[in-house]
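As structure tokens, the structure follows; a few thoughts come after it.
The values are calculated or read from the model by the stated rules, or taken from the named source; none is laboratory data. Since the structure is predicted, the reported quantities are computational estimates derived from the model, not experimental observations. Please note: Cβ atoms are built from the backbone with ideal geometry, for glycine as well, and neighbour counts cover all protein chains shown. These accessible areas exclude ligands, DNA and RNA; they are computed on the full protein's heavy atoms, side chains included. Shrake-Rupley method; radii C 1.70, N 1.55, O 1.52, S 1.80 Å.
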Amino acid sequence: SAINKKIKNQREKLKKSDIFYPRIEKIVDGYYLELWFSTKGCSFDKSGSCTMCNYGIGHNVDKNLIIKSLKDYLNNLKTDISELMISPSGSLWDKNEVEEDLLEDIYNIADNFCSKIFMIETRVDTITPKKLDKFRNSVKNKELIIEVGLESSNQWILDFAINKKMDLKDFKEKVALVKSYKVKTYANISIGHTFLNEFESIKTTVEAINFAFDSGVDKVVLFPIHIKPNTFINWLYQNNFYNT
């Protein structure tokens, strides 16, 4: 964590003009839209967690400016969107990153948008019955999805290769809780972690996929790790301790 924080402190801050970033992609039944908005950043990032991750250093953007920018973009959108995701660079349900009144405004945007599906991304430790209840009651008549980072089902890899403080028992319990609110869960799983050879990397990824589905997730999203600047993995790569 100390090394990772030192490496990440070398980053330049994101531009203040970059209030949000949209990405549209074609999917089976239409188009999927992600809207990433700028915040002061992920709490795990600040603590030096996650050896492979770098979403940059953001700013405390005025919430009214965020909402206006999102609304203006959606109102002028010419593409029919079937799936909408709105997310900060970290976790939507982390109160240290997204304040409650901003979260309510985002729910209001999603509730009034014409997509069939609304998706958010957050950490497992931020999921609570109260937040699920608010989510379910604020965005009506849509299929709701929560995307979470599992990364690996091996606790050693989570602790020492990824440096992500997550209890696998808590993951299973939270997936069951989400399901009880008739909300779907997508699990992000990564492949290519530090300190593993090629065989170990593939083996543990397959184990993580099986663990996720056994835990009750609805879909797995596989992320092959690529080397981002100002990350622990980049330092390892530059010093010949990590191969792509």
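Taking the stretch 129-144 only, how many residues are open to solvent by 80 Å² or more (accessible area, probe 1.4 Å), at pLDDT 95 or above and of a type outside the set (Lys, Arg)?
So the count comes out to 1.
Take residue 204 and decide whether it is assigned to a loop (DSSP other than H, G, I, E, B), open to solvent by less than 40 Å² (accessible area, probe 1.4 Å) and out of contact with any strand residue (DSSP E or B) (no Cβ under 8 Å at 6 or more places or on another chain). If you could, list the steps in order and put the result at the bottom.
Details: assigned to a loop (DSSP other than H, G, I, E, B): no; open to solvent by less than 40 Å² (accessible area, probe 1.4 Å): yes; out of contact with any strand residue (DSSP E or B) (no Cβ under 8 Å at 6 or more places or on another chain): yes.
Here the answer is no, as residue 204 does not meet what is asked.
Provide a single number: the residues in the stretch 9-47 that are in a loop (DSSP other than H, G, I, E, B) and either touching a residue at least 24 places away in the same chain (Cβ under 8 Å) or not charged (D, E, K, R) (or both). Let's see the steps before the verdict.
Here is the first cut: in the stretch 9-47, the ones in a loop (DSSP other than H, G, I, E, B) are 9-12, 14-19, 28-29, 38-42.
Next, only the ones that are either touching a residue at least 24 places away in the same chain (Cβ under 8 Å) or not charged (D, E, K, R) (or both) stay: 9-12, 14, 16-17, 19, 28-29, 38-42.
Of the residues in that region, 15 qualify.
Of 87, 82, 91, which residue is at pLDDT 90 or above, in contact with a Cys (Cβ under 8 Å, 6 or more places away or on another chain) and under 25 Å from residue 189 (Cα atoms)? Step through it out loud before you land on a result.
On the way: 87 fails: in contact with a Cys (Cβ under 8 Å, 6 or more places away or on another chain); 82 fails: in contact with a Cys (Cβ under 8 Å, 6 or more places away or on another chain).
So the residue among 87, 82, 91 that is at pLDDT 90 or above, in contact with a Cys (Cβ under 8 Å, 6 or more places away or on another chain) and under 25 Å from residue 189 (Cα atoms) is 91.
Among the residues of the stretch 48-83, how many are part of a helix (DSSP H, G or I), open to solvent by 40 Å² or more (accessible area, probe 1.4 Å) and not basic (Lys, Arg)?
Step one: list which residues in the stretch 48-83 are part of a helix (DSSP H, G or I), which gives 63-75.
Within this subset, residues satisfying the condition of being open to solvent by 40 Å² or more (accessible area, probe 1.4 Å) are 63-65, 68, 71-73, 75.
Imposing the further condition that a residue be not basic (Lys, Arg) reduces the set to 64-65, 72-73, 75.
Counting residues in the stretch 48-83 that are part of a helix (DSSP H, G or I), open to solvent by 40 Å² or more (accessible area, probe 1.4 Å) and not basic (Lys, Arg) gives 5.
Only one residue in 225, 157 is surrounded by 15 or more Cβ atoms within 10 Å (Cβ to Cβ) and closer than 23 Å to residue 9 by Cβ, so which one is that? Let's see the steps before the verdict.
On the way: 157 fails: closer than 23 Å to residue 9 by Cβ.
Answer to the check: 225.
Would you check which residues across the stretch 8-27 are over 17 Å from residue 54 (Cα atoms), open to solvent by 70 Å² or more (accessible area, probe 1.4 Å) and modelled with pLDDT under 90 and list them?
16, 17
Of all residues being over 22 Å from residue 228 (Cα atoms), surrounded by fewer than 18 Cβ atoms within 10 Å (Cβ to Cβ) and in contact with a strand residue (DSSP E or B) (Cβ under 9 Å, 6 or more places away or on another chain) in the stretch 28-40, which is modelled with the highest pLDDT? Just the residue, please.
Here is the first cut: in the stretch 28-40, the ones over 22 Å from residue 228 (Cα atoms) are 28-33.
Filter once more, keeping what is surrounded by fewer than 18 Cβ atoms within 10 Å (Cβ to Cβ): 28-31.
Now drop any that are not in contact with a strand residue (DSSP E or B) (Cβ under 9 Å, 6 or more places away or on another chain), which leaves 29-31.
Details: 29: 87, 30: 93, 31: 97.
That would be 31.
Right, residue 5: in contact (Cβ under 8 Å) with a residue 12 or more places away in the chain, open to solvent by 40 Å² or more (accessible area, probe 1.4 Å), within 14 Å of residue 109 (Cβ to Cβ) and part of a helix (DSSP H, G or I) or not?
no
As an exercise: evaluate residue 182 against (1) open to solvent by 50 Å² or more (accessible area, probe 1.4 Å); (2) in contact with a Ser or Thr (Cβ under 6 Å, 6 or more places away or on another chain) and give the number of the one condition it does not meet.
The single condition residue 182 does not satisfy is (2).
Which residue, of 163, 240, 230, is polar (S, T, N, Q) and either more than 14 Å from residue 51 (Cβ to Cβ) or open to solvent by 90 Å² or more (accessible area, probe 1.4 Å) (or both)?
Values: 163 fails: either more than 14 Å from residue 51 (Cβ to Cβ) or open to solvent by 90 Å² or more (accessible area, probe 1.4 Å) (or both); 230 fails: either more than 14 Å from residue 51 (Cβ to Cβ) or open to solvent by 90 Å² or more (accessible area, probe 1.4 Å) (or both).
Result of the check over 163, 240, 230: 240.
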